[in-house]
Structures are given as C-alpha cells and as structure tokens.
Amino acid sequence: MLDKKNFYIDGKWVSPIEPRAYKVIDPSNEEPCAEISLGGKKDIDKAVSVAKKSV
C-alpha cells in the first residue's frame, strides 16, 4: 500500500500539522491501495501563507 501522508509546501515535503489519515480504495477490487493525509485548516493556512510570499 502506498504511503503518501506528507504535503509539498515551500519546496519540501512536510508532515501535516493536523494529521488525518484517509485510506484510498481501489475501485477494481475494493481494497485499500494507498493512505493519504487530508489537510486541516492549519495545513491550508501554512500552504497559502507560503504561496502568498512567492508572488
């Protein structure tokens, strides 16, 4: 199973501030095929803040 729990923010892979794991289901066999993180408000605020500085 793939593990894709980090976010790419400000040129590097970072762990989520508010980790919320989510299993992705393969529709062909209905088995989990990956686990990702769903970003929370703090994660989004961080990404937006960094993006605004780059403009």
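Nothing in this text is a laboratory measurement; each read-out follows from the coordinates by a stated rule. In this text the structure is predicted, and so the values were computed from the model without any measurement. In this analysis, Cβ positions are derived from the backbone assuming ideal geometry, glycine residues included, and neighbour counts consider all displayed protein chains.
General observations
- Once C-alpha pairs closer than 8 Å and six or more residues apart are averaged by separation and normalised to the residue number of the chain, the relative contact order reads 36 percent.
- Projecting the Cα atoms of 8, 39, 51 onto the charge dipole of the chain (Cβ charges, centred on the Cα centre) puts 51 farthest toward the positive pole.
- Taking amide H as placed 1.01 Å from N in the peptide plane, residue 24 has its amide H under 5 Å from the amide H of 33, 34, 35, 36, each at least 5 places away in sequence or on another chain.
- Taking amide H positions as modeled 1.01 Å from N, with prolines and chain starts lacking one, the residues under 5 Å from residue 9 and 5 or more places away or on another chain are 14.
- Residue 45 versus residue 13: modelled label distance in nm, points set 7 Å from Cα along the beta carbon direction: 2.7 nm
- Spin-label model, residue 23/residue 6: points 7 Å from Cα along the beta carbon direction are separated by 2.4 nm.
- Rounded to the nearest 20 debye, dipole of the chain from Cβ charges on Lys, Arg, Asp, Glu: 460 debye
- Amide H contacts of residue 40 (H built 1.01 Å from N, under 5 Å, at least 5 apart or other chain): 18
- In degrees, nearest ten, helix 41-53 long axis to first principal axis of the chain (Cα): 50 degrees
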